[in-house]
Amino acid sequence: MSRLQTFRDSYLWYSFRRDKVAIASLVVLVLLVLMAVFAPLIAPYNPYDPEMIDIMNSEIPPAWEDGGTTAFLLGTDSQGRDMLSTMIYGMRISILIGIGAVALQAVLGVLIGLFAGYHGGRLDAFFMRAADVQLSFSYLMVAIFLSAILQAVVGVARFGEIAIPFLILVIGFSQWPQYARTVRASVLAERRKEYVEAARVAGFPSHRIILGQIFPNTLSPILVLSTIQVANAVMSEAALSFLGLGMPIDRPSLGSLINSGFEFIFSGAWWITVLPGVLLVILVLSINLLGDFLRDVFNPKLYKG
Amino acid sequence: MIAFMIRRLAQALIVIFIISLIGFAIKQSVGDPVRELTGISVSAEERQEFREKLGLNDPWYVQYGRFLGHTLQGDLGTSFFYKRPATEVILEKAPATLELVFVSSLIIILFSVPLGVFSAIRPDHFFSRLLMGGSIVGVSIPVFLTAIMMVYIFSIKLGWFPSYGRGELVMLGGWGTGLLTVDGWMHILMPSVALSSIMLPLFIRLIRAEMMEVLESEYIKYAWAKGLSSRRVWFVHAFKNTLLPVITVGGVQLGVTIAFTILTETVFQWQGLGFMFMEAVERSDAPLLVAYLMFVGVVMVGVNTIVDLIYGLVNPTIRIAGVK
């Protein structure tokens, strides 16, 4: 009960209640995540079940357009799959990859940032140079290269089977420098404080000081960064899938749906591309707006731009 | 300064060395050059002989040494698909991408500077708030989606702009440019606007943040106290010091821009390096892939090194420990 009380008295809750944009984006985000989690219960059809797909139903426009039917509220794609169901399942994959990738990069980046920042010296110099170099190539470039190479090595068919864990690995690995830098910066500030000195004098081993004492004090920048990084990871996944380097079309994410619809846009079937695109933008936008809000609350000077 | 330069150049060399190792590893593991170069009607012995002749049976470090030697001479192998030297293919495709990046940089500079400065000078103005709100929406829309929407609206619905290709080209030496014809500009406009769509909000926010920070500083207060006109304070005193960080970030963003050219060129079928790269991926054209990787890697390392050196020259604090 006391924890809840602390939260209610906190500055975070106070500013959240006054920020209409933050409330709206949190509501939208929670709704979208619930839709993704309970996709099998919500979606009217199962897009993975070949029994439910009829090629005769292909390219039916959404219900409000001429030729649309209420059986397929948002129309169907080129293979006759219900757009609404496919989009919900696609968003499920996008969110899964986004969160998985961020979890991976957070673990990697936070550990590297903590230990490199605390110990300093050669290890620190090496990792920070590596981070600089990788950032200068941009995470998207690194991710595109990694998946292009892997796809060329294992072949497209095999690639489709391992796409989800692979995308998590690629996106996670290409973005660890963000975390490492942020965490290292706060470790450098914390390291000189008296409580760390006290712990050292008390004879704590260094890994206990790092994980038990310093780590909790780096959490708020990590939280702010994580929201933005989930949005980035979802965007990266969409970009990779759009290029055909991500999710295969029989298990589409939002990006591969946009990709598969692109060729039909010229024949007038705009909904196959536009609707998943709109959903993607709403998802990313609500995460970004929340991230913006958190950044303002926790540390207005944390990032520029 | 000299120590800083040497350290920075050494780092650039190490990175290029690592890139070449990666490139070599890809070349070794993707595709079989013997199968690509010979037909089906070649016997196993002849293949073996051919492998020996190409040096494919040598230890890897010998092969790597040969690869490095060829690369340094500008020979990046022969594309399986084009049956021509990969360097030649890249040089032929590079102008398209460079023009695209050039026009979109122009758009970014032309719009981000006035908009960013305005929203820093008048942070509470209605238009500035709109701009800040709009910029976060802009960042949330993927480049390829912007591009697709533009194709749908301006090419398919309204028919104002062509949806693919580069249009009429004029040859200037070996450089096929689309910037000298009206048709070429009609073709380049949509791709470059799409390409700049994600950078523009970032730069507006960056310029705004930098400018606001500068406006808080002591020397600006002094300039006000001296009674200088507001125009002079803003554009001469404050703006000059806003530029430096913006230029550094601009250099770093080059890598991001190159990644986004791949997406933009795919949508508009723009015959540049990004489009060529995606085609090479689909065709498992390993030599061309490796050539692109090496080319982009060297360009990016070069640009970043130069930007860092300039920054070190202008801002001495960065040189001291090499830590930012």
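The values are calculated or read from the model by the stated rules, or taken from the named source; none is laboratory data. The model shown is predicted, which means the values in this text are computed figures rather than measured ones. Reconstructed Cβ throughout: ideal geometry from the backbone, glycine too, with neighbour counts over all protein chains shown. For accessibility, only protein heavy atoms count, side chains too; no ligands or nucleic acids. Shrake-Rupley method; radii C 1.70, N 1.55, O 1.52, S 1.80 Å.
Cβ-Cβ contacts under 7 Å between residues 6 or more apart (or on different chains), taken from a first residue in region B:136-149 that is more than 8 Å from chain A (Cβ to nearest Cβ) to a second residue that is among the polar types (S, T, N, Q), are listed as B:G138/B:S197; B:T146/B:S197; B:A147/B:T264. Of the residues in region B:276-283, at least one is β-branched (V, I, T), on the phi < 0 side of the Ramachandran plot and surrounded by 20 or more Cβ atoms within 10 Å (Cβ to Cβ). Applying a threshold of 6 Å to beta carbon distances and a minimum spacing of six or more residues, or different chains, the list of pairs starting in region A:9-38 at a residue that is closer than 20 Å to A:A231 by Cβ and ending at one that is of a type in the set (D, E, K, R) and open to solvent by 50 Å² or more (accessible area, probe 1.4 Å) reads A:A36/A:R92. For residues that are in contact with a helix residue (DSSP H, G or I) (Cβ under 7 Å, 6 or more places away or on another chain) and farther than 29 Å from B:L263 by Cα, scanning just region B:173-218, find the one that is nearest to the other protein chains (Cβ to nearest Cβ). Checked region B:173-218; the qualifying residue nearest to the other protein chains (Cβ to nearest Cβ) is B:E210. Taking the residues in region A:84-124 that are under 25 Å from A:L219 (Cα atoms) and without any contact (Cβ under 8 Å) to a residue 12 or more places away in the chain as candidates, determine which candidate is surrounded by the fewest Cβ atoms within 10 Å (Cβ to Cβ). So, considering only residues that are under 25 Å from A:L219 (Cα atoms) and without any contact (Cβ under 8 Å) to a residue 12 or more places away in the chain, the one surrounded by the fewest Cβ atoms within 10 Å (Cβ to Cβ) is A:G121. Of B:G134, B:G138, B:G65, all but one fail to be over 29 Å from B:A194 (Cβ atoms) and not aromatic (F, W, Y); the exception is B:G65.
Of the residues making up region A:157-179, not one is open to solvent by 20 Å² or more (accessible area, probe 1.4 Å), touching a residue at least 24 places away in the same chain (Cβ under 8 Å) and more than 18 Å from the chain's Cα centre (by Cα).
Quick one: in region B:117-137, which of the residues that are farther than 19 Å from A:D296 by Cβ and part of a helix (DSSP H, G or I) is most open to solvent (accessible area, probe 1.4 Å)?
From region B:117-137, those farther than 19 Å from A:D296 by Cβ are B:117-118, B:121-122, B:125-127; that's our starting set.
Next, from what is left, pick out any that are part of a helix (DSSP H, G or I): B:117-118, B:121, B:126-127.
On the way: B:V117: 8, B:F118: 68, B:I121: 33, B:F126: 149, B:F127: 83 Å².
Per the criteria, the residue is B:F126.
The combined condition, being farther than 22 Å from A:L146 by Cα and at pLDDT 85 or above, is not fulfilled by B:L72. Taken over region B:261-285, the residue count meeting the criterion of being among the small types (G, A, S) and more than 9 Å from every other protein chain (Cβ to nearest Cβ) is 2.
Consider A:F127 carefully, then state whether it is more than 9 Å from chain B (Cβ to nearest Cβ), touching a helix residue (DSSP H, G or I) at 6+ places or on another chain (Cβ under 7 Å), open to solvent by 30 Å² or more (accessible area, probe 1.4 Å) and among the aromatic types (F, W, Y).
Details: more than 9 Å from chain B (Cβ to nearest Cβ): yes; touching a helix residue (DSSP H, G or I) at 6+ places or on another chain (Cβ under 7 Å): yes; open to solvent by 30 Å² or more (accessible area, probe 1.4 Å): yes; among the aromatic types (F, W, Y): yes.
Answer is yes for this residue.
A residue that is within 11 Å of chain A (Cβ to nearest Cβ) and within 30 Å of B:Y222 (Cα to Cα) can be found somewhere in region B:240-247. Checked against the criterion of being assigned to a helix (DSSP H, G or I), at the interface with another protein chain (Cβ under 10 Å from one of its Cβ atoms) and either open to solvent by 10 Å² or more (accessible area, probe 1.4 Å) or touching a residue at least 40 places away in the same chain (Cβ under 8 Å) (or both), region B:310-319 has no qualifying residue. Residues that are more than 7 Å from chain B (Cβ to nearest Cβ) and either touching a Cys at 6+ places or on another chain (Cβ under 9 Å) or under 21 Å from A:N232 (Cα atoms) (or both) within region A:136-164 comprise A:Y139, A:V142, A:A143, A:L146, A:S147, A:A163, A:I164, listed in sequence order. Among the residues of region B:291-304, what is the count of those that are at pLDDT below 85, surrounded by 23 or more Cβ atoms within 10 Å (Cβ to Cβ) and more than 8 Å from chain A (Cβ to nearest Cβ)? The qualifying residues number 0.
Any idea which of (1) touching a residue at least 12 places away in the same chain (Cβ under 8 Å); (2) more than 17 Å from the chain's Cα centre (by Cα) is the one A:W270 doesn't satisfy? It fails just one condition, (1).
Looking across A:D82, A:D77, one residue alone is away from every other protein chain (no Cβ under 14 Å) and touching a Pro at 6+ places or on another chain (Cβ under 8 Å). It is A:D82. Of the residues B:V101, B:V89, the single one that is out of contact with any Asp or Glu (no Cβ under 9 Å at 6 or more places or on another chain), part of a helix (DSSP H, G or I) and crowded, with 22+ Cβ neighbours inside 10 Å is B:V89.
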